[in-house]
Amino acid sequence: MRAIEGDDGGILAVASVPKTPRRRFRAALVAVLTAQYTLVVIVVVPTVAGVLHYLVTPQIVAKFEAIEAALKRLPAP
């Protein structure tokens, strides 16, 4: 053990390789996925909002108006 304590060559051989290429790849991957997510959100949100506004909301309003008209025709208790 004493021979190993003074020997720096063994420590350098065991030392791990810096992981900068993996970090760069991971950062690039996160950037690409974030950009993709952002673009999908920019397209999907207005589409869903438009469908809700122009197709679904009028149907719901019409149903409530029909219910209101039916309730007005009922005799008073």
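None of the figures in this text is laboratory data; all of them are computed from the coordinates on show. Remember, predicted model here, so these are calculated numbers, not experimental data. Glycine also receives a Cβ, built like all others from the backbone with ideal geometry; neighbour counts cover every protein chain displayed.
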Each label sits 7 Å from Cα toward the beta-carbon; between Thr47 and Ala70 the label points are separated, in nm, by 3.5 nm
Each label sits 7 Å from Cα toward the beta-carbon; between Thr34 and Ala62 the label points are separated, in nm, by 4.5 nm
